[in-house]
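The structure appears below as structure tokens.
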Amino acid sequence: MTDVPQIDIDHLTQDHLDSLYAFLKERVQALLLAHPAGSQEYRGFLALDTAVDTTRDEVVGHLRYRLDDHRALVEWREAWHRLRQFAEPWRDDADYDAARWPEAKYLILREPAEHFLPCGDEQTTQAAV
């Protein structure tokens, strides 16, 4: 088994996103065209198409604003991971390219501020239990 390429979430680029999104849209659109509108299959693939678009929009927002707080970085990584997961069923496809769509990681170097409580004076904090 080959290792899945990884990058830090803040190194994710629009090119990564555009490539994965194009891959997904091509396949989902082909599925939609292969079924009559209104059929159960069509509705299922339409739901997948909507999920791909919505998740892409989430990643675009993170790329655009690049907030560096803990919550934003976790949400960005999770949205990217969801988009990658949508492509997993096609991993044996010749155009599937794990190297172009690396797994994003986010290493927490410190506890987020919301997990700290004041302890004594304002200059000292203690981790919440």
Could you give every pair whose Cβ atoms fall below 7 Å, whose first residue belongs to the range 73-92 and is open to solvent by 50 Å² or more (accessible area, probe 1.4 Å), and whose second residue is at pLDDT below 95 and among the aromatic types (Phe, Trp, Tyr), counting only separations of at least 6 or pairs across chains? Arg77/Tyr106
Apart from one, (1) out of contact with any helix residue (DSSP H, G or I) (no Cβ under 8 Å at 6 or more places or on another chain); (2) modelled with pLDDT of 95 or more; (3) open to solvent by 50 Å² or more (accessible area, probe 1.4 Å) all hold for Asp69; the odd one out is (2)
For the range 17-62, which residues satisfy the criterion of being in contact (Cβ under 8 Å) with a residue 60 or more places away in the chain and either open to solvent by 50 Å² or more (accessible area, probe 1.4 Å) or in contact with a helix residue (DSSP H, G or I) (Cβ under 8 Å, 6 or more places away or on another chain) (or both)? Leu17, Leu20, Tyr21, Phe23, Leu24, Arg27
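The values are calculated or read from the model by the stated rules, or taken from the named source; none is laboratory data. All values derive from a computational prediction rather than experimental measurement. Cβ sites come from the backbone with ideal geometry, for glycine too, and all protein chains shown count toward neighbours. Side chains are part of the model used for accessible areas, which takes the heavy atoms of the whole protein and leaves out ligands, DNA and RNA. Shrake-Rupley method; radii C 1.70, N 1.55, O 1.52, S 1.80 Å.
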